[in-house]
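The structure appears right after this line, and notes come after that.
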Amino acid sequence: ACTVLVAGKPVNSCLMLAFDAVGQPITTVESLSQGGEVHPLVQNFAHCDAMQCGYCTPGMVMASLACLQKHPQPSREQVQHELSGNLCRCGTYGRILQAVERTAQGGGK
């Protein structure tokens, strides 16, 4: 739930010392919405109903973004591997995979 991107790599912010982030570019889920513009990945999470209780959503979105940056056209196995460190209490894994795949295909813009 606490995943952020530090220098483009997913990191559990709750396990990282603030000192280690000094001078590093940090991307949070909040930065994926600028004014009225929402990142296509966030749009696809909503479109695919990939968030139920919402607890895992920030971490899943950020890990998904890191996955898409690493693999612009990921296979399902690559997505599963990249998201394997995030747990969803509600079990919406199938919908999360759909949201990532839809974003990779250019949907949600």
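The values are calculated or read from the model by the stated rules, or taken from the named source; none is laboratory data. Computed from a predicted structure; not experimentally measured. Note that we place each Cβ from the backbone using ideal geometry, even for glycine, and neighbour counts take in every protein chain shown. Ligands, DNA and RNA are stripped out before the accessible areas are found, and what is left, the full protein with its side chains, is counted by its heavy atoms. Shrake-Rupley method; radii C 1.70, N 1.55, O 1.52, S 1.80 Å.
Let's see how each residue does on (1) of a type in the set (Asp, Glu); (2) out of contact with any helix residue (DSSP H, G or I) (no Cβ under 6 Å at 6 or more places or on another chain); (3) open to solvent by 50 Å² or more (accessible area, probe 1.4 Å):
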position	(1), (2), (3)
ASP20	yes, yes, yes
GLN24	no, yes, yes
VAL29	no, no, no
ASN44	no, no, no
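So, in region 25-66, exactly how many residues are more than 13 Å from ARG102 (Cα to Cα), in contact with a Lys or Arg (Cβ under 9 Å, 6 or more places away or on another chain) and either outside any helix (DSSP H, G or I) or among the basic types (Lys, Arg) (or both)?
Here the count works out to 5.
Find all pairs meeting these conditions: Cβ atoms under 6 angstrom apart; at least six residues apart or on different chains; first residue within region 73-88 and under 17 Å from THR3 (Cβ atoms) and free of Cβ contacts under 8 Å to residues at least 24 places away in the same chain; second residue open to solvent by less than 70 Å² (accessible area, probe 1.4 Å) and of a type in the set (A, V, I, L, M).
VAL79/LEU97; VAL79/VAL100; LEU83/ALA63
Yes or no: region 83-96 includes at least one residue that is within 11 Å of the chain's Cα centre (by Cα), assigned to a loop (DSSP other than H, G, I, E, B) and buried (at least 16 other Cβ atoms within 10 Å of the Cβ). Break it down into steps so the answer makes sense when it comes.
Our first condition is that a residue be within 11 Å of the chain's Cα centre (by Cα); within region 83-96, this holds for 83, 86, 96.
So of that shortlist, the ones also assigned to a loop (DSSP other than H, G, I, E, B) come out as 83, 86.
Then drop every residue that is not buried (at least 16 other Cβ atoms within 10 Å of the Cβ), which leaves 83, 86.
Within region 83-96, one or more residues are within 11 Å of the chain's Cα centre (by Cα), assigned to a loop (DSSP other than H, G, I, E, B) and buried (at least 16 other Cβ atoms within 10 Å of the Cβ).
Output the qualifying pairs, or none if there are none: Cβ atoms under 8 angstrom, residues six or more apart or on different chains, first residue in region 6-26 and within 18 Å of LYS70 (Cβ to Cβ) and of a type in the set (Gly, Ala, Ser), second residue at pLDDT 95 or above and open to solvent by 70 Å² or more (accessible area, probe 1.4 Å).
Close Cβ pairs (under 8 Å, with a partner that is at pLDDT 95 or above and open to solvent by 70 Å² or more (accessible area, probe 1.4 Å)) amount to ALA7/GLN24; ALA7/PRO25; GLY8/PRO25; GLY8/GLN69.
How many residues does region 69-109 hold that are closer than 17 Å to VAL11 by Cβ and in contact with a helix residue (DSSP H, G or I) (Cβ under 6 Å, 6 or more places away or on another chain)?
Selection size over region 69-109: 3.
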